[in-house]
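Below is one structure; the comments refer to it alone.
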Amino acid sequence: MNRCFLTGRIGQEPKSTVSNDGRTTIVRFSIAADNPFSDNVVWLNVVTFNEIGKYVFKEGKKGTEIYIDGYINSYSREVNGKKYTNVEVVGNKVQLILPEKSNIGSDFGGEKEARAEEETQSGGII
């Protein structure tokens, strides 16, 4: 089973793009997570989609504490004849830990936008 649970702080401002077909919002950012076995910090690349991505892009700022429930994804690409492999965390559920606001998260897939908007407006966790 490929599943991970992470907490850390957003290390760079989230960047939003839209897929080529215009149907998917893609938000990428990095997080700094403590290494439980040393004083080092582990930097991880994270990608979120659609409602989750929109929420992180709007509310998540550099330094914001975040909880991510997701999985590890890797993919290869070739640039100028050199092959590169990227590893990233795909966030299926995200919860920003905001000191002055309610904690609002999102589920990717299976949730309808209307319900997500209703939950967000009421301050519930999605």
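The values are calculated or read from the model by the stated rules, or taken from the named source; none is laboratory data. Given the structure is predicted, the values throughout are model-derived calculations rather than measurements. With ideal geometry, Cβ positions are generated from the backbone for all residues, glycine too; neighbour counts draw on all protein chains shown.
Annotations for the structure displayed:
- The set of residues in the stretch 1-31 that are within 20 Å of Ile72 (Cα to Cα), out of contact with any Gly (no Cβ under 6 Å at 6 or more places or on another chain) and not in a strand (DSSP E or B) comprises Met1, Asn2, Arg3, Gly11, Gln12, Thr24.
- Among (1) in contact with a strand residue (DSSP E or B) (Cβ under 6 Å, 6 or more places away or on another chain); (2) assigned to a strand (DSSP E or B), the one test that Glu78 misses: (1)
- Of the set (1) in contact (Cβ under 8 Å) with a residue 60 or more places away in the chain; (2) surrounded by 18 or more Cβ atoms within 10 Å (Cβ to Cβ), all apply to Val46 but (1).
- Taking (1) closer than 28 Å to Met1 by Cα; (2) modelled with pLDDT of 90 or more; (3) of a type outside the set (Phe, Trp, Tyr) in turn, Gly110 satisfies each apart from (2).
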